[in-house]
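Worksheet: the structure to be examined is printed underneath.
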Amino acid sequence: MTFKPAPWPRKLRSQEWFGGTTKDAIYHRSWMKNQGLPADLFDGRPVIGICNTWSQLTPCNAHLRDLAERVAHGIYEAGGLPMEFPVMSPSESAFRPTAMMFRNLCAMDVEECLRGQPIDGVVLLAGCDKTTPALLMGAASVDIPAILVSGGPMLNGYFRGETVGSGTHLWKFSEAVKAGEMTAEEFVEAEASMSRSAGACNTMGTASTMASMAEALGMTLSGNAAIPAVDSRRRVMAHVTGRRIVQMVKDDLKPSDILTRKAFENAMRVNGAIGGSTNAVIHLLAVAGRVGLDLTLEDWDKQGRDIPTIVNLMPSGKYLMEEFFYAGGLPVVIKALGEGGKLHKDALTVSGGPIWDEVKDVRNWNEDVIRPVTNPLTSHGGIAVLRGNLAPNGAVLKPSAASAHLMKHRGRAVVFETIEDYKAKIEDESLDIDETCVMVLKNCGPRGYPGMAEVGNMGLPPKVLRKGITDMVRISDARMSGTAYGTVVLHVSPEAARGGPLAIVRNGDMIELDVEARRVHLDISDAELAKRLAEWKSGIERPSGGWAQLYHDHVQGPETGADMDFLVGCRGNAVAREAH
Ligand code: FES
């Protein structure tokens, strides 16, 4: 599409606070001046918020203060006034019960800060998994010019000569300890080698997936996703982004201009090509909801179905984000999709031009890291959306991380009512389970856990692992870490805690999975299913008070993005009243 910039100069919204000689204008300027800001900085130039998810409790984002300074340099250079402000920072590695429970709260924080403050445009600083979608959601709901800079991934990890990836090797080593192939002491020794620099997970986990989604949507400058956190070019990216946002404000280039259906279709295809996280499904549905786009699970299945996974990164492949960057990063992937007729080349980006202009001249510097489409990692990447009597509202599976021999499988259900039930039983040698069984985990959805934790990739029982078996079919209403792998059916909806059919699965029931037919089926009669559902009683208590109660009462199902019902949509930037 062709974007027509707004006329410049014109009066910006920040001048409603800072412009003129009224008592209120003097009040607003005077307090700001206690930071040592010269008077001419309030002369009507763009005021740019730097929305920062920096936190020492979010280690993946702990370097974002440095990047914020680089952004500020660029903003000053381009004639804007930078104003850094903090927002909530849900850390994937530490926040309990799960960071996902706070994605919507963080988005609400962002939205209200952007609307209530004298800001004309914003640079969003994100990194760890939930921070990227939360910031995009909040900015989309306010719809002022916005651009995202990612913190970037950590450098490669190494342990005893082997490359180790964030998360992916945590699961691998953990299973190796259970199988008796690694000692607990060696596991502890590996700990420091996994996270050896600033930055987010270095696999194509959720953080790198969401950085890639933001770039594919057109909400970052081209090349943002893959630059390692500690590479000097990450600072350059922050610097030039600061310059760019000032022009975006002058042009009035807003998220609603960029976040179109074409942009989301591009992103869903890119997710297939990178072997991206299943979490992208939920997050993109939620972002789309904020701009009023009716994106569905079926869109995910349709857009990704014939997309080959060409990025050879863990957990689906071999390499890490550092190699992806050296190979050329996401622009190479987007170009490959464009050359294959799988890209809306005219989708607008924060550059003010079409996405194709950003990628058409890039080169692939390593065809083992970014494979040619003629030699993909998996011919059918993307996300498989499953339905059936076990998941009437849908469930998802990532084919590139699954085992080919389990894609069509019928097995006996071994049921865990909660994650605690799973933990209590899984290492019990008397548990009646073998590799042909289907592991079923309940009550880990948005309401059930609460927050829809990343526990869907349940570790296998030790007695199965000792046979050298590394995968079994697993089904749950949970999510899975983007760094994880396996034949794992996730996001089953309605969730068990809302009385979805998952809630009434019993030990010994037979379950059929047929990924090609997009089917997940509980093999009991309709009458038996109806009888069990009628008898079902929730064991989940409504939290009393606080965010947990609000979340329980208003969070929606994963099939629409697990946003709060009252946060869906764009509410614009108008402020109801002045401060006083
Ligand atoms: Fe923060 Fe993986 S835990 S990016």
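The values are calculated or read from the model by the stated rules, or taken from the named source; none is laboratory data. Keep in mind that this is a model prediction, so the values were computed, not measured. A quick note on method: Cβ atoms are made from the backbone with ideal geometry, for glycine too, and the neighbour counts reach across all protein chains shown.
Here are the numbers for this structure:
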{"quantity": "Residue satisfying condition, being aliphatic (A, V, I, L, M), over 14 Å from Val122 (Cβ atoms), away from the ligand (no atom under 16 Å from the Cβ) and outside any strand (DSSP E or B), within set Val236, Val230, Val249", "calculated": "Val236"}
{"quantity": "The range 218-232, residues that are in contact with a Ser or Thr (Cβ under 6 Å, 6 or more places away or on another chain) and buried (at least 24 other Cβ atoms within 10 Å of the Cβ)", "calculated": "Gly218, Asn224, Ala225"}
{"quantity": "Residue in the range 408-415 that is within 23 Å of the chain's Cα centre (by Cα) and in contact (Cβ under 8 Å) with a residue 60 or more places away in the chain present", "calculated": "no"}
{"quantity": "Residue, farthest from the chain's Cα centre (by Cα), within the range 51-108, restricted to residues that are within 16 Å of the ligand (Cβ to nearest atom), part of a helix (DSSP H, G or I) and not hydrophobic (A, V, I, L, M, F, W, C)", "calculated": "Pro59"}
{"quantity": "Options Gly451, Gly445; residue that is within 16 Å of the ligand (Cβ to nearest atom), at pLDDT 95 or above and either of a type outside the set (Phe, Trp, Tyr) or closer than 27 Å to Gln556 by Cβ (or both)", "calculated": "Gly451"}
{"quantity": "Residue within the range 479-487 that is within 23 Å of Ser93 (Cα to Cα) and modelled with pLDDT of 95 or more present", "calculated": "yes"}
{"quantity": "Number of positions in the range 112-158 that are within 15 Å of the ligand (Cβ to nearest atom), hydroxyl-bearing (Ser, Thr, Tyr) and part of a helix (DSSP H, G or I)", "calculated": "2"}
{"quantity": "Residue in the range 87-99 that is small (Gly, Ala, Ser), at pLDDT below 95 and surrounded by fewer than 20 Cβ atoms within 10 Å (Cβ to Cβ) present", "calculated": "yes"}
{"quantity": "Tally of residues being assigned to a helix (DSSP H, G or I) and either more than 19 Å from the chain's Cα centre (by Cα) or of a type in the set (D, E, K, R) (or both) across the range 552-580", "calculated": "4"}
{"quantity": "Residue list for the range 303-312, restricted to those being in contact with a strand residue (DSSP E or B) (Cβ under 9 Å, 6 or more places away or on another chain) and either crowded, with 22+ Cβ neighbours inside 10 Å or at pLDDT 95 or above (or both)", "calculated": "Gly304, Pro308, Thr309, Ile310, Val311, Asn312"}
{"quantity": "Subset of the range 29-50 [surrounded by 10 or more Cβ atoms within 10 Å (Cβ to Cβ) and outside any loop (DSSP other than H, G, I, E, B)]", "calculated": "Arg29, Met32, Lys33, Leu41, Phe42, Val47, Ile48, Gly49, Ile50"}
{"quantity": "Any hit, the range 134-142, residues being over 15 Å from Trp54 (Cα atoms) and surrounded by fewer than 24 Cβ atoms within 10 Å (Cβ to Cβ)", "calculated": "no"}
{"quantity": "Residues (more than 12 Å from the ligand (Cβ to nearest atom) and at pLDDT below 90) located in the range 163-172", "calculated": "His169, Trp171, Lys172"}
{"quantity": "Given (1) surrounded by fewer than 24 Cβ atoms within 10 Å (Cβ to Cβ); (2) out of contact with any Leu (no Cβ under 9 Å at 6 or more places or on another chain), index of the condition Pro446 fails", "calculated": "(1)"}
{"quantity": "Residues located in the range 320-348, provided they are closer than 17 Å to Ala229 by Cα and in contact (Cβ under 8 Å) with a residue 60 or more places away in the chain", "calculated": "Leu320, Met321, Glu322, Glu323, Phe324, Phe325, Gly329, Leu330"}
{"quantity": "Residue list for the range 184-227, restricted to those being closer than 24 Å to Asn266 by Cα, within 11 Å of the ligand (Cβ to nearest atom) and assigned to a helix (DSSP H, G or I)", "calculated": "Thr206, Ala207, Ser208, Thr209, Met210, Ala211"}
{"quantity": "Residue in the range 11-28 that is part of a loop (DSSP other than H, G, I, E, B) and in contact with a Gly (Cβ under 6 Å, 6 or more places away or on another chain) present", "calculated": "no"}
{"quantity": "Pairs with Cβ under 9 Å, 6+ apart, first in the range 566-580 and among the aromatic types (Phe, Trp, Tyr), second modelled with pLDDT of 95 or more", "calculated": "Phe566/His554"}
{"quantity": "Residue match in the range 166-182 (condition: touching a strand residue (DSSP E or B) at 6+ places or on another chain (Cβ under 7 Å), surrounded by 19 or more Cβ atoms within 10 Å (Cβ to Cβ) and among the β-branched types (Val, Ile, Thr))", "calculated": "no"}
{"quantity": "Long-range neighbours under 8 Å by Cβ, at least six apart or interchain, first residue within 15 Å of Ala207 (Cα to Cα) within the range 108-136, second of a type in the set (D, E, K, R) and within 16 Å of the ligand (Cβ to nearest atom)", "calculated": "Cys128/Glu92; Asp129/Glu92; Lys130/Glu92; Lys130/Arg103; Pro133/Arg103; Ala134/Arg103"}
{"quantity": "All strands (runs of 3 or more DSSP E) inside the range 442-524 with 1 or more residues being within 25 Å of Ala200 (Cα to Cα)", "calculated": "488-493"}
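Table: residues versus (1) free of Cβ contacts under 8 Å to residues at least 60 places away in the same chain; (2) within 18 Å of the chain's Cα centre (by Cα).
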| position | (1), (2) |
| --- | --- |
| Ala267 | yes, yes |
| Ile274 | no, yes |
| Thr278 | no, yes |
| Gly289 | no, yes |
| Gly292 | no, no |
| Leu297 | no, yes |
| Lys302 | yes, no |
| Arg305 | no, no |
| Asn312 | no, no |
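Matching residues to (1) within 21 Å of the chain's Cα centre (by Cα); (2) on the phi > 0 side of the Ramachandran plot:
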| residue | (1), (2) |
| --- | --- |
| Met321 | yes, no |
| Phe324 | yes, no |
| Val333 | yes, no |
| Gly341 | no, yes |
| His344 | no, no |
| Trp356 | no, no |
| Lys360 | no, no |
| Arg371 | no, no |
| Leu377 | no, no |
